[in-house]
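Heads up: the structure comes next, in structure tokens.
The values are calculated or read from the model by the stated rules, or taken from the named source; none is laboratory data. All values derive from a computational prediction rather than experimental measurement. Reconstructed Cβ throughout: ideal geometry from the backbone, glycine too, with neighbour counts over all protein chains shown.
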Amino acid sequence: MVRDVRMRGFAERADVAEVDAFLAEETRSLASEEVELLDCTGRVLAEGVESKFDVPGFPRSAMDGYALRGEESFGASEYAPIPFDVLGTALPGAAFEGQVGPGQAVRIMTGAPIPSGADAVVMAEVCSESADGDRVEISEAVPPQKNVGVAGEDIRKGDPVLAPGRRIRPQDAALLASIGRPRVACIARPRVKLVVTGNELLPAGSAPEGVCIVDSNSVMLRGLVARDGGQLLPFEILPDDPAQIRAAMADSQADVVLVSGGSSVGQEDHAPRLLAELGSLDFHGISMRPSSPTGLGRAGDAFVFLLPGNPVSCLAAYEFFAGPTLRALGGRPRAWPHRRIRLPLARKIASSIGRTDYVRVSIEEGRAIPLATSGASILSSTVRASGAVIVSRGHEGMAEGEEVEILLYDEDGLAAGSPLLEPGE
């Protein structure tokens, strides 16, 4: 039996840590799928990758010059150059097909295969070729294997090259190409359904009009979902109509449903009751500021997050609960992806024991300045802010001058010389 909190308020609120622990326990990464090589950057590997080939698969020149038998160059100097007959040219992708014998050399370019019989390359800068190109004099000795890249120098057949769970970077995709992988098994991208509700909302891109406001949450959530590796399903703004909201929340294609608006205690806040009817409303009302009306549960196999309609509350609720879940489903770490910095507070932050606060701060002259505006509907505060400070439930606040950790929205607000921490540190 779910208590109807509309126009009544919350009798009690769950702790942020309790909700986070619940989600961590309940979330497992999705199944794998085959991803084409050209589409794999940014995806998370579901399997380890071993090379089936040596890379390179043949000995190749490390520079432009002349391939020859290294021992025959011994004694060469600027004052006593040694002449060689030039048999031809080796180019990348066009090997010299003959055999290099005593007193012979082959003109060779960087990356070209080493001709049979040769075992070293003299760089062009210490060579002097005759006008007709049939002879070359070298003035520097090279030992065997000098300037020669051996087969498997980069990667050997059977070498493990990428581990499961790795998020594929552009250079990783290039390596996959080099070992001949046309596709790779990756963890599926979570499919995300946005359910944006409100009779007062105009579509993003509209001009504000009358007593209506423009939907900004969907734009923000779209960017956050993309950041966290999700795949957004089609959506539209819905009126505060229980039947339409219920149908959208029950989308069987979704792994995660993000409901924007309708999660609080107002007359038109239908989402909590509807989620309880569809599956389970595991939490509703969380001891945090902003975002206390946040709710979450399951509808079928999908996680459903009831995000407050006020933009800052929507952002904070997503970052605390939906974001970690989305990343975990896609095989990424649950930890917040923000880079972090530690700076002293320019003035105190007030809080309450038992409540978690998400405090927007700007960075000026090497100090963190809490923004005076704390309203959950003041979206511009997140634009003016350099990042956020999290005040945990065990603190009544933070004192002026106390060093705090800031989760950076980006790096533009960094003070010169400030120590930057990596995400999750």
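With respect to the stated conditions, residue 360 fails to be modelled with pLDDT of 80 or more, surrounded by fewer than 17 Cβ atoms within 10 Å (Cβ to Cβ), closer than 30 Å to residue 285 by Cβ and not assigned by TED's automatic domain parsing to the domain that holds residue 227.
For (1) small (Gly, Ala, Ser); (2) under 22 Å from residue 43 (Cα atoms), each residue gets a yes or a no:
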{"site": "178", "(1), (2)": "yes, yes"}
{"site": "183", "(1), (2)": "no, yes"}
{"site": "190", "(1), (2)": "no, yes"}
{"site": "201", "(1), (2)": "no, no"}
{"site": "226", "(1), (2)": "yes, yes"}
{"site": "233", "(1), (2)": "no, yes"}
{"site": "249", "(1), (2)": "no, no"}
{"site": "256", "(1), (2)": "no, yes"}
{"site": "260", "(1), (2)": "yes, no"}
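The numbered conditions (1) assigned to a helix (DSSP H, G or I); (2) without any contact (Cβ under 8 Å) to a residue 40 or more places away in the chain are all true for residue 234 except (1). Test residue 125 against the stated conditions and say whether it is exposed (fewer than 14 other Cβ atoms within 10 Å of the Cβ), in the same structural domain as residue 180 (by TED's automatic domain parsing), within 46 Å of the chain's Cα centre (by Cα) and of a type outside the set (Phe, Trp, Tyr). No, not satisfied. The single residue among 156, 135, 191 that is among the basic types (Lys, Arg), out of contact with any Gly (no Cβ under 6 Å at 6 or more places or on another chain) and closer than 20 Å to residue 59 by Cβ turns out to be 156. In the range 168-188, the residues that are under 19 Å from residue 57 (Cα atoms) form Cβ pairs under 9 Å with partners that are of a type in the set (Phe, Trp, Tyr), at six or more places apart or across chains, as follows: 178/53; 179/53; 180/53.
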